[in-house]
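> The structure follows.
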Amino acid sequence: MQPYATPIERVWFYAFRVICGLVLLYLVLPILVIVPLSFNSSSFLTYPLSGFSMRWYEEFFGSHEWMMALKNSLIVAPSATVLATCFGTLAAVGLTRGEFPGKALVMAILISPMVVPIVIVAVGLYFFFADIGLLNTYAGLILAHAALGVPFVIITVTATLQGYNTNLSRAAASLGAPPLTVFFKVVLPLILPGVVSGALFAFATSFDEVVVTLFLASPTQRTLPQQMFGGIRENISPTIACVATIMIVLSVLMLLTMEWLRRRNEKLRGAG
Amino acid sequence: MNHRIQLLALAVSAALAAGAVQAADLTVISFGGASQKAQDAAFYKPFDKTGAGRVLPGEYNGEMAKVKAMVETNNISWDVLEVEGPELVRGCAEGLFEKLDWSQLGDKSKFVPEAVSECGAGIFVWSTALAYNAEKLAKAPTSWADFWNVKDFPGKRGLRKGAKYTLEFALLADGVKPADVYKVLGTKEGIERAFKKLDELKPHIQWWEAGAQPPQWLAAGDVVMSSAYNGRIAAAQKEGKKLEVVWNGSIYDLDHWTIIKGSKNKDMAMKFIAFANRAENQKVFAENIPYGPTNNDATKLLDPKVASGLPTAPENLVGALATSTEFWVEKGEELEERFNAWAAAK
Amino acid sequence: MNEAAASLVADDGVPLKLKLRRAERAHKLKSVAMIAPLFLFLLLSFVLPIGTLMYRSVDNPELHRALPQTVAALAGWDTQALPDEPVFAALVRDLRKAQEESTLGLASRRLNYEISGFSSLLTKLVRKLPPEGAGVRDAVIAVDERWGQLTYWRAIARAGTPLTSFYLLKAVDHRVNEAGDIESVPANEAAYVTVFGRTFWIALIVTLWALALGFPVAYLLATLPSGPSNLLMILVLLPFWTSLLVRTAAWIVLLQSGGILNGAMIGLGLIAEPLQLVFNRFGVYVAMVHILLPFMILPLYSVMKGISPAYVRAAVSLGAHPFLAFWRVYVPQTIAGVAAGCLLVFILAIGYYITPALVGGPDDQMVSYFVAFFTNRTINWGMASALGTLLLIATLVLYAVYGKLASSDANKARR
């Protein structure tokens, strides 16, 4: 703020900051409010807290259903991430190599899983997978989740590739490196931050996915979000708060990793 | 790179194998909740002990979509299924369920008549009734007319978000005798009448979808009265909640065992159904949750104290009404659709 | 230059120009080969499934499977006079077979969509199925006189076509009447136009709120020095990375009648009775704006980051009031970001299902809910597909607009 600001400008300046503060509070408050409740000894989800207790965590880790859901999520999400990242990175490299007819359309199709309403994807997959026998299988669930994660990989890897100097590949090739060696020894290390953040996005997408899972998974393939959905629908117990806390910790970890990757990438570019 | 592809192939094949291992078990799908817990104690665990097979329990919300998709594509991962009457009849007509060989299921005459059908064997009799929190209401409601009376009983009411039972309750509240409910509902005017009665109460209704919700809402004071499954209320009573059931105007119905068409474990499924419907096992079930046995011998085995809490106890049947499977088979889809549109309108 | 290049020849005697073209083609082919696996993968696990859904919205297979002979016999029927003896005979044959093959349910479900009560009419006939010989027509009509009415036969003819507009029309509250004309359904049956209207309305309100709340925050983030800005950015990104279910659950805990917010307000003496803040439209808005706000802030931020503060300063130094300068000079430069953010939020909002299902009441449900309802609950897959197809079309149109905006932006940037 300039020292010569008028009183109205001063008031506005502070009012503006207060508004922004309130919006930011609105963004984080719900997330922060649920964490302490998971350590509450009472079974009521209200403040003030009645005492510290780990009983809800014990209940979570001791519950067969929650553990099965966790196991299923840990089968599906990493597999979907690997699929989405491999296909997505390869395609992103292809997309940035140059122009070809229909490129815009291809790009639009590759990104579309992000915008098509999830229920439509779920019902479509449900009909289609029923026809080809992939309903109620892990394979079907993994394929579906991978498709949903692909756009994020494409977007982040293409963005990173935009800053990649293709002369490096040319130099490596001219020195006699076969294309695969060029990719793994030169390109990949440089675009790795983009690939990893794409993979993180894909993982988060799958790990948070509930609608497609509701339609495609058999009762024994319930994932963590699906189990949570059922719980929220019936009764928000402190166990839900503790699952929520675990998921929040996970998202904080992912966020920090992303931030670290971004800074590393900026540094690399600054150096280049 | 080769390494990675191998790893990937390994992961995919491991995932596929994980799906296949379960084929040796008998997948029994129920509606979950308190009833599933009672089934586990009365049917699943004892069946496991017989050595005939191992029950893999699962749950669903009564959607036939999954069953239809499984049967149509011959990709069957469920074996035994708990269904309600209309779904049983419709599914049987659409070829979703196996026809049962009653010679393996015991003497037909030992069961209540509704329990014996082409594709299904009745498991238990349950009831949807008016429930209220005795701690929150000064005066006890005694009928659905009281449920609609917001002047003397102010506060929100819980009703299941669906046409089935809700329309019947509306007509009962409007003064239709239990015996005439389906006659009235069978006419166009009757349906209009039911929806009109519901219009009156609409602003005061909080709709529930899961059976666990009514007891919670009642206990927390979110609603003063609610329709509820009698077994859920009994479970809440056991936890010390002061919830009461009004049997007058309750609607009772049967849940049935059925076998998914094309089940790979049909023989084991038949054995399971026969086992679960034995008098001694149904008795244990009724002791765990107050749902009435379909096997008359089981009723005889029950402690009179347990028996008096069941929907099938003679004193509880006064003013009660049996659901009409025939009516809901015929009109169910149309009315559910209309109800959904009605509920969604302002 | 070109001619000179053409005359150049490589070591192996091939003209250089040709070689270059070959190399370029190989390069392009390689690019395509790299995209192909993903493209095929998405074709299988995304495009084809959605195609299946769209096809199901016009597919009409039930009678073809359950009553094939009747449908064939009705092929040349003029719809004006009662069908002849062979049609009745075909119906009786079909019904007998349908009963054996358990396909009767299919036919009665489909016909009941056309006329309520058709299913019981069919069941009644199956119970008293007459022999196929001469006089079968009268025998069938004797079972129930409705078989002598044209209405029912026209319904069979309508339901027997290979493709049908029934579901798509019904999704916009229309139908084909007896005479074959399209008319709107009676008011008490109309529902889906309202649902579409509500879906767009909720999405619009959510978008406007997200813009109103997101704009100042994006501006703050873009104008603060990078240290504090990065710190505040984490507050925006944390909810972005947090599971949608966690956030929805948190809102229920905060807003429900025995929840934290009501408890706090009662404790402070602001209100006596708890307010209804969730399981209604208010709850839907609060939760959806919360979930979609980062999608507004991030594009706005990236556009604002590129705006030089010099323009506003210049306007102010030329005598413009700071508010006027902001409005006339700064805001127009953010239009691209505003449009991108709004479209993105709107597109995502119209497809919402989980959040309204968990924090809304029955009259707050959007199109997606009905798609799921018809798929799972009533197994009316034609109807689910029709509603889904219309929602998909709306989304894709908006997505195309978004793509146009984004690409013209990118072009500008390149220039």
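> Take the residues in segment C:362-402 that are more than 10 Å from the chain's Cα centre (by Cα), polar (S, T, N, Q) and surrounded by fewer than 23 Cβ atoms within 10 Å (Cβ to Cβ), then tell me which one is farthest from the other protein chains (Cβ to nearest Cβ).
C:N380
> Pick from segment A:17-61 the residues that are without any contact (Cβ under 8 Å) to a residue 12 or more places away in the chain, assigned to a helix (DSSP H, G or I) and not aliphatic (A, V, I, L, M): which of them is farthest from the other protein chains (Cβ to nearest Cβ)?
Of everything passing the filter in segment A:17-61, A:E58 is farthest from the other protein chains (Cβ to nearest Cβ).
> In this structure, does C:L324 turn out to be more than 25 Å from the chain's Cα centre (by Cα) and either farther than 30 Å from B:I205 by Cβ or not in a helix (DSSP H, G or I) (or both)? Give the steps one after another, and end with the answer.
Working: more than 25 Å from the chain's Cα centre (by Cα): yes; either farther than 30 Å from B:I205 by Cβ or not in a helix (DSSP H, G or I) (or both): yes.
Taking the combined requirement at face value, the residue satisfies it.
> Let me ask you something else. Just for helices (runs of 4 or more DSSP H) wholly inside segment A:133-227: which have at least 1 residues that are closer than 30 Å to B:N61 by Cβ, within 11 Å of another protein chain (Cβ to nearest Cβ) and in contact with a helix residue (DSSP H, G or I) (Cβ under 8 Å, 6 or more places away or on another chain)? Write out each step before concluding.
Numbers: elements: A:138-162, A:167-174, A:188-207, A:211-216.
Hits in segment A:133-227: A:138-162, A:188-207, A:211-216.
> Right, here's the next one. Scan A:I19, A:I34, A:I8 and give me the residue that is modelled with pLDDT of 90 or more and surrounded by fewer than 18 Cβ atoms within 10 Å (Cβ to Cβ).
Details: A:I34 fails: surrounded by fewer than 18 Cβ atoms within 10 Å (Cβ to Cβ); A:I8 fails: modelled with pLDDT of 90 or more.
Among A:I19, A:I34, A:I8, only A:I19 is modelled with pLDDT of 90 or more and surrounded by fewer than 18 Cβ atoms within 10 Å (Cβ to Cβ).
> Select from segment B:188-210 the residues that are within 13 Å of chain A (Cβ to nearest Cβ) and surrounded by fewer than 20 Cβ atoms within 10 Å (Cβ to Cβ) and list them in ascending order.
Going through segment B:188-210, the residues within 13 Å of chain A (Cβ to nearest Cβ) turn out to be B:207-210.
B:W207, B:E209, B:A210, listed by residue number.
> If you don't mind, another one. Checking the conditions here, which among C:L213, C:L221 is within 21 Å of A:R262 (Cα to Cα), assigned to a helix (DSSP H, G or I) and not polar (S, T, N, Q)? Can you show your working first?
Values: C:L213 fails: within 21 Å of A:R262 (Cα to Cα).
Checking each option against the conditions leaves just C:L221.
> Mind checking which helices (runs of 4 or more DSSP H) fall wholly inside segment B:1-114 and carry at least 1 residues that are among the acidic types (D, E), at pLDDT 80 or above and within 21 Å of the chain's Cα centre (by Cα)? Break it down stepwise before answering.
On the way: elements: B:2-21, B:33-39, B:45-50, B:65-72, B:85-93.
Helices (runs of 4 or more DSSP H) meeting the threshold: B:85-93.
> How many of the residues in segment C:323-349 are more than 15 Å from C:W209 (Cβ to Cβ), within 11 Å of another protein chain (Cβ to nearest Cβ) and crowded, with 17+ Cβ neighbours inside 10 Å?
First, the residues of segment C:323-349 that are more than 15 Å from C:W209 (Cβ to Cβ): C:323-337, C:339-340, C:343, C:347.
From what is left, the residues that are within 11 Å of another protein chain (Cβ to nearest Cβ) are C:323, C:326, C:343, C:347.
Now drop any that are not crowded, with 17+ Cβ neighbours inside 10 Å, which leaves C:343, C:347.
Looking only at that region, the number is 2.
> Out of the residues in segment A:84-102 meeting the condition of being assigned to a loop (DSSP other than H, G, I, E, B) and at the interface with chain C (Cβ under 9 Å from one of its Cβ atoms), tell me which one is surrounded by the most Cβ atoms within 10 Å (Cβ to Cβ). Walk me through it before giving the result.
Just the residues of segment A:84-102 that are assigned to a loop (DSSP other than H, G, I, E, B), to begin with: A:97-102.
Narrowing the set further to residues that are at the interface with chain C (Cβ under 9 Å from one of its Cβ atoms) leaves A:97-100.
On the way: A:R97: 18, A:G98: 13, A:E99: 9, A:F100: 15.
It comes out as A:R97.
> Given the conditions (1) buried (at least 24 other Cβ atoms within 10 Å of the Cβ); (2) out of contact with any helix residue (DSSP H, G or I) (no Cβ under 6 Å at 6 or more places or on another chain), and given that B:R278 satisfies all but one, which numbered condition is not satisfied?
(1)
> Restricting attention to helices (runs of 4 or more DSSP H) lying wholly within segment C:62-137, give those where 3 or more residues are within 14 Å of another protein chain (Cβ to nearest Cβ). Reasoning before the result, please.
Values: elements: C:62-66, C:68-73, C:85-101, C:104-114, C:118-127.
Fully inside segment C:62-137 and qualifying: C:62-66, C:85-101, C:104-114, C:118-127.
> Right, next: Those residues that are in contact (Cβ under 8 Å) with a residue 60 or more places away in the chain and more than 25 Å from C:S108 (Cα to Cα), I need them from segment B:101-114; list them, please.
Start the filter on segment B:101-114 by keeping residues that are in contact (Cβ under 8 Å) with a residue 60 or more places away in the chain, which leaves B:101, B:104-106, B:110-112, B:114.
Selection gives B:D101, B:Q104, B:L105, B:G106, B:K110, B:F111, B:V112.
> Anything in segment B:317-334 that is out of contact with any Leu (no Cβ under 7 Å at 6 or more places or on another chain) and in a helix (DSSP H, G or I)? List them, or say none.
Step one: filter segment B:317-334 for residues out of contact with any Leu (no Cβ under 7 Å at 6 or more places or on another chain), giving B:317-326, B:328-334.
Across segment B:317-334, the qualifying residues are B:L317, B:T325, B:E326, B:W328, B:V329, B:E330, B:K331, B:G332, B:E333, B:E334.
> Kindly establish whether A:L110 is touching a helix residue (DSSP H, G or I) at 6+ places or on another chain (Cβ under 7 Å), facing chain C (nearest Cβ under 9 Å), over 29 Å from C:M383 (Cβ atoms) and part of a helix (DSSP H, G or I). Before you say what the answer is, go through the steps one by one.
Details: touching a helix residue (DSSP H, G or I) at 6+ places or on another chain (Cβ under 7 Å): yes; facing chain C (nearest Cβ under 9 Å): yes; over 29 Å from C:M383 (Cβ atoms): yes; part of a helix (DSSP H, G or I): yes.
Answer is yes for this residue.
> Something else now. Could you say which residue among C:S45, C:S31, C:S57 is in contact with a Lys or Arg (Cβ under 6 Å, 6 or more places away or on another chain), surrounded by 14 or more Cβ atoms within 10 Å (Cβ to Cβ) and either within 14 Å of chain A (Cβ to nearest Cβ) or on the phi > 0 side of the Ramachandran plot (or both)? Outline the logic, then answer.
Numbers: C:S45 fails: in contact with a Lys or Arg (Cβ under 6 Å, 6 or more places away or on another chain); C:S57 fails: in contact with a Lys or Arg (Cβ under 6 Å, 6 or more places away or on another chain).
Just a single option satisfies the conditions, and that option is C:S31.
> Taking the condition of being assigned to a helix (DSSP H, G or I) and either surrounded by 16 or more Cβ atoms within 10 Å (Cβ to Cβ) or in contact with a Lys or Arg (Cβ under 6 Å, 6 or more places away or on another chain) (or both), how many residues in segment B:137-178 meet it?
Narrowing segment B:137-178 to residues assigned to a helix (DSSP H, G or I): B:144-148, B:166-173, B:178.
Next, only the ones that are either surrounded by 16 or more Cβ atoms within 10 Å (Cβ to Cβ) or in contact with a Lys or Arg (Cβ under 6 Å, 6 or more places away or on another chain) (or both) stay: B:144, B:146-148, B:166-173, B:178.
The total comes to 13.
> Out of B:A313, B:A322, I need the residue that is free of Cβ contacts under 8 Å to residues at least 24 places away in the same chain and either away from chain C (no Cβ under 14 Å) or farther than 19 Å from B:A41 by Cα (or both). Which one?
Values: B:A322 fails: free of Cβ contacts under 8 Å to residues at least 24 places away in the same chain.
One residue alone meets the criteria, B:A313.
> Of all residues in segment B:62-100 being in contact (Cβ under 8 Å) with a residue 40 or more places away in the chain and among the polar types (S, T, N, Q), which is nearest to B:Y165 (Cα to Cα)?
B:S77
> Ok, one more. Of the numbered conditions (1) of a type outside the set (D, E, K, R); (2) under 22 Å from the mean Cα position of the chain (by Cα); (3) part of a loop (DSSP other than H, G, I, E, B), B:V181 satisfies every one except a single condition; which is it?
(3)
> May I pose another question? Among (1) more than 9 Å from chain C (Cβ to nearest Cβ); (2) part of a helix (DSSP H, G or I); (3) under 23 Å from B:K68 (Cα atoms); (4) over 17 Å from the mean Cα position of the chain (by Cα), which single condition is A:L105 missing?
In the conditions (1) more than 9 Å from chain C (Cβ to nearest Cβ); (2) part of a helix (DSSP H, G or I); (3) under 23 Å from B:K68 (Cα atoms); (4) over 17 Å from the mean Cα position of the chain (by Cα), A:L105 misses (3) alone.
> Give me the pairs: first residue in segment A:115-131 and among the hydroxyl-bearing types (S, T, Y), second residue not in a helix (DSSP H, G or I), beta-carbon distance under 8 Å, and six or more apart or on different chains, which are they?
Hits for this filter: A:Y126/A:L135.
> Here is a list: B:E333, B:E280. Which entry is more than 13 Å from every other protein chain (Cβ to nearest Cβ) and on the phi < 0 side of the Ramachandran plot?
Answer to the selection: B:E280.
> Which numbered condition trips up C:P309, out of (1) away from every other protein chain (no Cβ under 11 Å); (2) touching a Ser or Thr at 6+ places or on another chain (Cβ under 9 Å); (3) surrounded by 15 or more Cβ atoms within 10 Å (Cβ to Cβ)?
In the conditions (1) away from every other protein chain (no Cβ under 11 Å); (2) touching a Ser or Thr at 6+ places or on another chain (Cβ under 9 Å); (3) surrounded by 15 or more Cβ atoms within 10 Å (Cβ to Cβ), C:P309 misses (3) alone.
The values are calculated or read from the model by the stated rules, or taken from the named source; none is laboratory data. Predicted model only: the values in this text are computed from it and were never measured. Positions of Cβ are backbone-derived with ideal geometry, glycine not excepted, and every protein chain shown enters the neighbour counts.
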